[in-house]
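The values are calculated or read from the model by the stated rules, or taken from the named source; none is laboratory data. None of these values were measured; they are calculated from a predicted model. Glycine also receives a Cβ, built like all others from the backbone with ideal geometry; neighbour counts cover every protein chain displayed. The area values use the complete protein model at the heavy-atom level, side chains included, leaving out ligands, DNA and RNA. Shrake-Rupley method; radii C 1.70, N 1.55, O 1.52, S 1.80 Å.
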Amino acid sequence: MIVAPEPPAILVQADPQSLYQSAVADRLAGRPAAAVPKLEQVLAARPDDVDARLNLGLALLALGHLDAAEAAFLDVTRRAPDYVDAWVGLARVHQRRGDLPAARGAISEAVRLAPGDVEVRALQTALEPAPPWRLDIAAARSRLSGGLPDWTEVRVSASRRVGEGWSVGAGFEVTERFNDTDTYLEARLDRAFSGGELYVALGGAPDADYRPEIALATGGLVRLTPRIAATVDASLARYPTGTVTGLHPGVRVILPGDRVQLSARWINVRDENDVHRSGYAVLARWQATDRLAIRAGYADAPESSEGATVDVKAWSLGADLGVTDRLTIRVGLLSEDRVAYDRDELSLGLGWRF
């Protein structure tokens, strides 16, 4: 019996141009994960294709793979130094990392190559250093249940950038609760760097009735990935009734699309009676438009107030409206259940950079 030889295997390979067009369509439709393997296959067949490599960098950037995206954009600039979109891509990588000097350097090259490009100019404007001064003013009025007197609160703070990543600030807060008035003073130092942020604040209320006589707070965040950061806040406050310490680890997540930010904190307090208390707080922030952000939160956690630490359940809702690039108006609603009484607060504020 004679066995006929098997026919040779037929190698089927997609047309690189068709594959490239399909990958670009995937990327523009918000499917970067589908675009990456197609573009890698195109580049395996056409390694000098700078358009495919640029689109690979853009897809990787959308996925948050910043190192790989940077490598793709750099390869494009080496092969085609005048490719404006590659310099824009590099600027966006550095911006996502928080390395603004590097981002400004990349976008400056893009502006040199395409001074009339609207997108390039817009990104250059967005990357320009913010005005050095910032002023925040807020006022709040609270209504309490059970016929208790209303609360009033006024806060004013100012800060100034004093170097790349450094800022110093000071402020005061005047509060009236149950017909007693406290004035709380605070100084603060902030440091931002490519991998995160740090702060330390020192304050106190002279002749305090219910605010801390002296308080120290510190904390910050560390970026674990471009979209996930670990946070921690620690505090020590001496009240007329005793000392309260706190340690609050948490996490912050930015969802794909960069419009929604979620954060959660585990609240741990050792109160004025040296009793450990714990709870949690969650917050969502939605950037509805370029100028309007919506905030919503819920907390079930201990809070020190009026000389005692009590368990408080609270929900909040607020909005930030950027009237201009330098002026922001804020409004907020807060509702608390403090067991002994309920509290509803309306707050208004503004932030001004100059």
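Of note:
- For the range 47-54, the count of residues that are in a helix (DSSP H, G or I), of a type in the set (Lys, Arg) and buried (at least 19 other Cβ atoms within 10 Å of the Cβ) is nonzero.
- Check on residue 116, touching a Leu at 6+ places or on another chain (Cβ under 8 Å) and small (Gly, Ala, Ser): no
- Unmet requirement for residue 58, which otherwise passes all of (1) closer than 30 Å to residue 325 by Cβ; (2) open to solvent by 70 Å² or more (accessible area, probe 1.4 Å); (3) outside any loop (DSSP other than H, G, I, E, B): (2)
- Residue check, residue 210 of a type outside the set (Asp, Glu) and either touching a residue at least 60 places away in the same chain (Cβ under 8 Å) or surrounded by fewer than 16 Cβ atoms within 10 Å (Cβ to Cβ) (or both): yes
- Residue in the range 184-198 that is in contact (Cβ under 8 Å) with a residue 12 or more places away in the chain, aliphatic (A, V, I, L, M) and in a helix (DSSP H, G or I) present: no
- All conditions but one from (1) outside any loop (DSSP other than H, G, I, E, B); (2) touching a residue at least 60 places away in the same chain (Cβ under 8 Å); (3) open to solvent by less than 20 Å² (accessible area, probe 1.4 Å) apply to residue 143; the one that does not is (3).
- Screening residue 225 with (1) surrounded by fewer than 16 Cβ atoms within 10 Å (Cβ to Cβ); (2) hydroxyl-bearing (Ser, Thr, Tyr); (3) in contact with a strand residue (DSSP E or B) (Cβ under 7 Å, 6 or more places away or on another chain) gives one miss only, at (3).
- Here the condition is being more than 28 Å from residue 237 (Cβ to Cβ), assigned to a strand (DSSP E or B) and open to solvent by less than 30 Å² (accessible area, probe 1.4 Å); of 319, 314, 301, it holds for 319 alone.
- Long-range neighbours under 8 Å by Cβ, at least six apart or interchain, first residue touching a residue at least 40 places away in the same chain (Cβ under 8 Å) within the range 280-304, second surrounded by 16 or more Cβ atoms within 10 Å (Cβ to Cβ) and hydroxyl-bearing (Ser, Thr, Tyr): 304/239
- Test: residue in the range 154-164 that is of a type in the set (Gly, Ala, Ser), touching a strand residue (DSSP E or B) at 6+ places or on another chain (Cβ under 9 Å), assigned to a loop (DSSP other than H, G, I, E, B) and surrounded by 18 or more Cβ atoms within 10 Å (Cβ to Cβ): no
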